[in-house]
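> First the structure, which I've put down as structure tokens, then a few questions once you've had a look.
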Amino acid sequence: MVINFEQVHNYYERLVFEAVAGMSSSHPDYSADNLADVACVTLNRLPARYVRHDVDMMFYLTEQERHQIEESLAEALTFAFAFVGKRMAK
């Protein structure tokens, strides 16, 4: 039997990568390496939610759960940019 795990991924990865890329213009002093660090710190502050298809997860979430995801993501991003920024200053 061949098992294909290529579709399995952390739901938050795409959200975080897109958010960090979108916010990068607001942080011109952050290098590509710094932005990758921001993504890592952000992901480490969020729960792991592994899925095969993002649409499946969105279909089963309530509006309250979607809102909680958005809030958690925003809080984790704010923390990560500040955390990496402090490290850059040293």
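> Summing -39500 (n - 2.57) over the DSSP H runs of n ≥ 4 in the chain and dividing by its residue number, what mean residue ellipticity at 222 nm do you reach, to the nearest 500 deg cm²/dmol?
Values: 4 runs with 61 residues, N = 90.
Rounded to the nearest 500, it is -22500 deg cm²/dmol.
> How far, in degrees from 0 to 90, does helix 11-23 lean away from the longest principal axis of the Cα atoms of the chain, to the nearest 10?
30
> Taking only Cα atoms, what is the 0 to 90° angle, nearest 10, from helix 63-89's long axis to the longest principal axis of the chain?
On a 0 to 90 degree scale, this one is about 30.
> Identify which of F59, F79, F17 has the largest mean-square fluctuation in a Gaussian network model of the chain, with springs joining Cα atoms closer than 10 Å.
So, out of F59, F79, F17, the one fluctuating most is F59.
> Rank E65, E18, E75 by mean-square fluctuation in a GNM of the chain with C-alpha springs under 10 angstrom and give only the top-ranked residue.
Fluctuation is largest for E65.
> Beyond 14 Å, how much of the Cα-Cα pair distribution for the chain remains, as a whole percent?
Values: 2687 of 4005 pairs.
So the pairs more than 14 Å apart make up 67 percent of the total in the chain.
All of the numbers you see were taken from the coordinates with simple rules; none came from a lab. Computed from a predicted structure; not experimentally measured.
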